[in-house]
1. Taking B:D297 as meeting all but one of (1) more than 9 Å from chain A (Cβ to nearest Cβ); (2) assigned to a loop (DSSP other than H, G, I, E, B); (3) not aliphatic (A, V, I, L, M), write down the number of the exception.
2. What is the number of the single condition among (1) part of a strand (DSSP E or B); (2) open to solvent by 20 Å² or more (accessible area, probe 1.4 Å); (3) of a type outside the set (S, T, N, Q) that A:E43 does not meet?
3. Please work out which one of (1) over 23 Å from B:G185 (Cα atoms); (2) open to solvent by less than 20 Å² (accessible area, probe 1.4 Å) is the condition B:I403 fails and give its number.
4. For B:M226, all conditions in the list (1) open to solvent by 20 Å² or more (accessible area, probe 1.4 Å); (2) within 21 Å of A:M35 (Cα to Cα); (3) aliphatic (A, V, I, L, M); (4) more than 26 Å from the chain's Cα centre (by Cα) hold save one; what is the number of the exception?
5. Go through A:G99, A:G90, A:G57, A:G31 for me and flag whichever is within 14 Å of chain B (Cβ to nearest Cβ), in contact (Cβ under 8 Å) with a residue 12 or more places away in the chain and surrounded by fewer than 23 Cβ atoms within 10 Å (Cβ to Cβ).
6. Considering every residue within the stretch B:185-207, establish whether at least one is among the aliphatic types (A, V, I, L, M), farther than 17 Å from B:M449 by Cα and within 12 Å of another protein chain (Cβ to nearest Cβ).
7. For residues that are touching a residue at least 40 places away in the same chain (Cβ under 8 Å) and of a type in the set (A, V, I, L, M), scanning just the stretch B:271-294, find the one that is nearest to the other protein chains (Cβ to nearest Cβ).
8. For the stretch A:121-142, how many residues are closer than 24 Å to A:D169 by Cα and either among the aromatic types (F, W, Y) or in a helix (DSSP H, G or I) (or both)?
Amino acid sequence: MPKIIKKERLSDLVYRYRIDAPRIAKMRKAGQFVMIRPTTEGERIPLTIANANAKEGWIEIIFQMVGKSTKILSILHEGDEIIDLAGPLGKPTHIEKFGNCLCIGGGVGTAPLYPIVRSLKEAGNTITTIIGARNSELIMLEEDMKATSDRLFVTTDDGSRGQKGFAADLVKKLLADGEKFDFCVVIGPAIMMKFTSAITIAAGIKTFVSLNPIMIDGTGMCGGCRITVGKQTKFACVDGPEFDASLIDWDEMIKRLGAYKKQEANSLEKHNCLLTGRPS
Amino acid sequence: MNTENKKPSKVAMREQDPKVRATNFQEVPLGYSIEEAVAEASRCLQCKKPLCMEGCPVNVKIPEFIKLIVEGKYKEAARTIKETNALPAICGRVCPQETQCEQKCILAKKGNQIAVGNLERFAADFEMANFEFEMPVMKPKNGKKVGIVGSGPAGLTAAGELVKEGFEVTIFEALHEPGGVLVYGIPEFRLPKEIVKKEINYLEKLGVKLERNFIVGKTATVDDLMKEEGFDAIFIGSGAGLPSFMRIPGENSIGVYSANEYLTRSNLMKAYLENSDTPIIRGKRVVTVGGGNVAMDSARTAQRLGAAISTIVYRRTEAEMPARSAEIHHAKEEGIQFSMLTNPIEVIAGTDGFVKGLRCLRMELGEPDESGRRRPVAISGSEFVIDCDVVIIAIGNNPNPLIQETTPDIKTSKWGTIEANEADGRTSKKFVYAGGDIVTGAATVILAMGAGKAAAKSIVEDLLGKQ
């Protein structure tokens, strides 16, 4: 079973695991993801591959503790084995020399953005990266991004680091200043992708986003991750996860993300009770 | 009245009471006792030229194993079945015997055919419960390696055949649990997962290796396996793949599931148990669209998950339903509602995105279509709404493209299925074979097993030379 060879806590709720997975490391390309199941009763959760080294045979995932499954994942240690890890899944990002690229990461979406920034850079593009989060605690990969981007901006909602405000505000400002971009990629929470991509699309920039709908198998079998793209139903796991932002039915996608809110809250509550030893 | 000459009739298998079983996930038919099995087996005429065997895609030696049951040699009966069928406990439960062996039985003319499936299940269960594993006769290792893609019925059968022929066999399974449709699709009440586990354990004891979480086409390609990892042949039994939807408005509302997703959540991810982390919407009024076995499985699962009303909506009539008659019968007994000649045209959702109803049209049967079945035609002005909070779409699957995309030299049909000879499983690519739903589109467990078996025979011929 794949072993965790390095564990880092990037912030209060965000972890980076380096996992021994030579086959996936060899096959993966930017934009692809893995399915992870942390326990035998656990869910299968999709996580983007944030980094990989084919020679050394490892991949890295970065995840934020949001529900029971990610909480269980977060309490594993270096040297522990992950019960189930499968991938690489999804279509790789389409990388070419676009010219001037704008890469925008929101919150934990910065993690899947990182390998794309690297690949775009390696393809000879000029990169402007914006990473945004609610506060300085949640800003991640700042050094890595700085090293791979030609320019890096940081924004926080509360102004505790970088510029105060949303990434979208900064995008507006750059565009108002007359900056021109040939390609844009936005990865973050659905609502952030919706509003940020609306600005770049309005400016005539071809914009891609990476979607994170609810999935079970990740191989096309269940159709749970279906979304409407250009009036057609697509499966994010096999047709995506990256899509042209201008074609996405965002409202439907955002509603579907909330399908199990009630059950998830219950599940986490029960789990917390077990952890604290209080009867549920 | 002289009862001496009256032939005894079929021994029915006892079942859980419909009212009780509609609230639990335990198996519906309870199995034969020894007395019942012997009584049923004793009715077999032991035909010199057994027609039943012709009806079996894997040619189980039916009269032979039935005779062994009559003689009280139950273990021997099971092993006789296993000579040609690696998964008897599964086949005894899910094969459509009524259109295969039992249909051909000479007694079927009087509606009194031997219950071959029940007897197969009895023998297999008896062996499993009472005897330790014994190594069957195996050919010596021949040094050749075969990779099997998918651990469903086709893959398991091919693996079982090939390991006995002396091949080194590795099965690659995309999911975390082996068994394919046997574990993610068919519900516990029709096929207990413990049975599937035991059948797979049996193959592992024969030496079959199993790699879970390995998606051929993604984790490694067919060519990687053959060129870099030394596999001499590959059998692709990757299954049915991507679920079809109806392409009607509202179909992406919350609470609309493909049958694949609904059953996978319940069966594979165990959402029907309280301690599972995978959620499922437990609808109070559930509508399942479709007329096959998968539709029956879905509607019956919904009922067990607490639906007050579980309805099957089908656009033709019961006569055209592709489901096994036994499954339709079981569903009806459990109180599943059937709305025939009904075609959905829109899923209605509330502002929160959750399903509220299914708008449908009444249909009538018109002229026969290309499938020979009478084409359903909409009756104008017949629109009506079925109130519901979950809709399950069970109208079939499209082939999964993952292998074809990364194996450009394998020929596919215009539907995207892999082209393979039905009789021998050979594809356009040398030393690559395929069978089961990835070739035929959605079919049955036993047809997939037949295809796995045929391909295994070709692999033996092609790698070891004609014997």
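The values are calculated or read from the model by the stated rules, or taken from the named source; none is laboratory data. Everything quoted here is computed from the prediction, not taken from an experiment. Glycine gets a Cβ as well: all are built from the backbone with ideal geometry, and neighbour counts include every protein chain shown. We work out accessible area using only protein heavy atoms, side chains counted, and drop any ligands, DNA or RNA first. Shrake-Rupley method; radii C 1.70, N 1.55, O 1.52, S 1.80 Å.
1. That leaves (2) as the condition not met.
2. (1)
3. If we test B:I403 against (1) over 23 Å from B:G185 (Cα atoms); (2) open to solvent by less than 20 Å² (accessible area, probe 1.4 Å), just (1) comes out false.
4. (2)
5. Being within 14 Å of chain B (Cβ to nearest Cβ), in contact (Cβ under 8 Å) with a residue 12 or more places away in the chain and surrounded by fewer than 23 Cβ atoms within 10 Å (Cβ to Cβ) holds for just one of A:G99, A:G90, A:G57, A:G31, which is A:G57.
6. No: the stretch B:185-207 contains no residue that is among the aliphatic types (A, V, I, L, M), farther than 17 Å from B:M449 by Cα and within 12 Å of another protein chain (Cβ to nearest Cβ).
7. B:I281
8. Selection size over the stretch A:121-142: 4.
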